[in-house]
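J.: Handing you this structure, nothing more for now.
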Amino acid sequence: LLAYLPRPPTDTSRYGTFPQKPDLPATPGAVAEDSRQQAGAAAARRSIPMPNYPSLPCRSGSVFPGEPSLPPNRGSVAAQHHPTNPSRCLPAAPRDVGAHRYPLHALSVPSVPTSARGKTPARSTTVPAPEGLQSRRRKLREEDGPVVQAGKRQRQRYVTKVGKCQVNLGNIQEKKRFLSDIFTTIVDLKYRWFLFVFMTCYLVTWVVFGTVYFFDAWARGDVGHRGDPEWRACIENVDGFISALLFSVESQRTIGYGSRMVTANCAEGVILLMAQSIVGSMIDALMVGCMFVKISRPKKRAQTLIFSKNCVISRRDEQLCLMFRVGDLRDSHMVDAKIRAKLIKSRQTAEGEFIPLEQSELNLGYDTGEDRLFLVEPQIICHVINRRSPFWDMSAESLRREQFEIIVILEGIVEATGDRCLAAGMTCQARTSYTEDEILWGYRFEPCMSLEKGAFRVDYSRFEMTFEVQTPVVSAKELQELRELEQQERSTLSLYWD
């Protein structure tokens, strides 16, 4: 439940790459309060040895805990630093001597992996706060520690990275529904159980018909008159259960050694032989068909369809985009390949109803046809974070606090070429998933294609490689508001100039 508590505002949003709005003017009461805070902080600094690390830049005016502000431009950080005006600057919080020291520009580069961000100590200015708020912040900082982050990464997944759904069905009352579709039930069995059913079907029929043959020979007296040339036997050379079992196997498998056979002296022997032939043909058709379908299922074809281990978020065409990469390792390509993505996230409605694992669609270009792939070389799939996207108001900082899972499904028809024509028309489906810890903010995939003599070469060793790019840490919604604000200011300036 702590993951859903509101987090206190941090100063890391001040070190973005975008211009900020003018701050509110400082009131005389606030300036006096700042001077008293500065005096107390100076006394604390004289008693605590300060390590050698660059101090945080100061803002113009006093700092209000609830003051609305926008992240300033990176180039304007030095311009807002006024060392000659200490009354407007808050002292930097002291750190441990053994802590890592980072340059000032490292504070404005938030696009680092989640594992690294969980290990980086938080930096903020010292602002007096009530005791309850301090204890609350302390709990939230402990939640962002490496132990809590590791436990968060080990949470239960809905779909594994290899595409296996982690859902177990239980308390099914009507089991007879599985028997109505016996073919699919047998095909879906694991190989050890499938082979067990395969062998059991043949063994049971051999034993059952062997027992019937032995009982018929015993009832007619063929067992007691073996070797009597004047006795007209129904089944010749059947003097025990073992010989009757051998006759059953030879009849069903059409081996026909010639030493044991059914004669025309009894009608029941002929009827039993006809019944065993029909039952044996049905078992052959069912079990051999199941074996062939299980071997030739396109499920194994999905093993050669690969996905990148991580998603990345960066700007493309001046829009924030969520991207991942897919590839096909075989030379025979997928026909009519389609890709779609689902967001799995629990939420609570306005009426108080809790919806666990709600599925919502992520647009991967359905309206423009970009979700239909010609999967010859690795493709980078892009989800534009717009107003209809569930990531519209999610920033780099809020991404760490969320708990969700993105399910990616790639479907296609196995290509019919050469000796693989038997697998034609079978739909193949490959799945994978990405959690919030596997999304890299501010990264982009490296190219893995190069031009060779007469063809293009795909280097799959670079399939997973990413590199860091300059990306704003704010959400797409805030980016749009900043863009609209700049356009409004530009139009106002143009009107004033005219």
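J.: Please compute, for the alpha-carbon atoms of the range 305-383, the extent along each of the three principal axes and give them in descending order in Å.
T.: Principal extents (Cα only, largest first): 52, 30, 26 Å.
J.: Which value, in Å², gives the accessible area per residue of the range 218-305 when a 1.4 Å probe is used on the protein heavy atoms? All intermediate terms of the calculation are to be shown ahead of the outcome.
T.: Values: 5230 Å² over 88 residues.
Here the residues of the range 218-305 average 59 Å² of exposed surface.
J.: Take the alpha carbon gyration tensor of the range 188-296, find the square roots of its eigenvalues, order them as a ≥ b ≥ c, and report rounded if a/c is under 1.5; if not, report prolate when a/b exceeds b/c, else oblate.
T.: Note, shape of the range 188-296 comes out prolate.
J.: Let me ask something else about it. Quick query: amide H of ILE381 versus all other amide H atoms, modeled in the peptide plane; which residues come in under 5 Å with a sequence gap of 5 or more or a different chain?
T.: Placed amide hydrogens put PHE324, ARG325, VAL326 under 5 Å from ILE381.
J.: Using the Cβ atoms and a cut-off under 11 Å, what net charge is assigned to the surroundings of ILE385, where Lys and Arg are +1 and Asp and Glu are -1? Mind showing how you got there, number by number?
T.: Numbers: positive: ARG315, ARG316, ARG387, ARG388, LYS477; negative: ASP393.
That works out to +4.
J.: To check you understand DSSP bridge types, tell me what percent of the beta bridges within the range 307-482 (both residues inside) are antiparallel, rounded to 5.
T.: The antiparallel fraction comes to roughly 95 percent.
J.: State the extension gain, in nm to one decimal, for the chain segment bounded by MET274 and HIS225, taking 0.36 nm per residue of separation less the distance between their alpha-carbons. Could the numbers behind the result be given before it?
T.: Numbers: separation 49, 0.36 × 49 = 17.64 nm, distance 2.55 nm.
That pair, MET274 and HIS225, stretches by 15.1 nm at full extension.
J.: Could you give the nm distance between label points at ARG483 and SER332, where each point is 7 Å from its Cα heading toward the beta carbon?
T.: 4.5
J.: Per-residue counts of other Cβ atoms within 10 Å, averaged by peptide: what ranking do you get for 168-175, 330-337, highest first?
T.: Values: 168-175: 5.8, 330-337: 15.4.
So the order, starting with the most tightly packed, is 330-337, 168-175.
J.: Under 1.5 on a/c is rounded, so check that first for the range 307-482, then, if it is not, pick prolate when a/b is larger than b/c and oblate when it is not; a ≥ b ≥ c are the square roots of the alpha carbon gyration tensor eigenvalues. Walk me through the intermediate numbers first.
T.: Working: a/c = 2.40, a/b = 1.45, b/c = 1.65.
It comes out oblate by the Cα gyration axes.
J.: How large is the direction-averaged shadow of the alpha-carbon convex hull of the range 240-333, in nm²?
T.: Across all orientations, the range 240-333 yields a mean hull projection of 12.5 nm².
J.: Also: For a quick check: with amide H placed at 1.01 Å from N, whose amide H comes under 5 Å from GLU358's, ignoring anything fewer than 5 positions away on the same chain?
T.: For GLU358, the qualifying residues are LYS345, SER346, ARG347.
J.: Would you mind classifying the range 368-412 by shape? Square roots of the alpha carbon gyration tensor eigenvalues, ordered a ≥ b ≥ c; an a/c under 1.5 is rounded, otherwise it is prolate if a/b is larger than b/c and oblate if not.
T.: prolate
J.: How would you rank 229-235, 350-356, 208-214, highest first, on the average number of other Cβ atoms within 10 Å across their residues?
T.: Descending mean neighbour count gives 208-214, 229-235, 350-356.
J.: In the range 453-487, which trypsin sites (Lys or Arg not before Pro) are in a loop and have at most 13 other Cβ atoms within 10 Å, using DSSP for the loop call?
T.: Values: sites: LYS453, ARG457, ARG462, LYS477, ARG483; in loops: LYS453.
Sparse-neighbourhood loop trypsin sites (Lys or Arg not before Pro): LYS453.
J.: Output ³J(HN,Hα) for the range 315-331: one whole-Hz value per residue in order, computed from phi by the Karplus curve 6.51 cos²θ - 1.76 cosθ + 1.60 with θ = phi - 60°, and x for Gly and Pro.
T.: Taking θ as phi minus 60°, the curve returns 8, 9, 6, 6, 9, 6, 9, 9, 10, 8, 10, 10, x, 10, 8, 9, 6 Hz for the range 315-331.
J.: I need the Debye-formula profile for the range 458-498: one equal scatterer per C-alpha, no solvent, reported as log10 I(q)/I(0) at q = 0.14, 0.35 1/Å, two decimals.
T.: Summing over Cα pairs of the range 458-498 leads to -0.57, -1.06.
The values are calculated or read from the model by the stated rules, or taken from the named source; none is laboratory data. Note that the structure is a prediction, hence the values are computed from the model and not measured. Backbone-built Cβ (ideal geometry, glycine too); neighbour counts: all protein chains shown. These area figures cover heavy atoms from the full protein model, side chains too; ligands, DNA and RNA do not enter into them. Shrake-Rupley method; radii C 1.70, N 1.55, O 1.52, S 1.80 Å.
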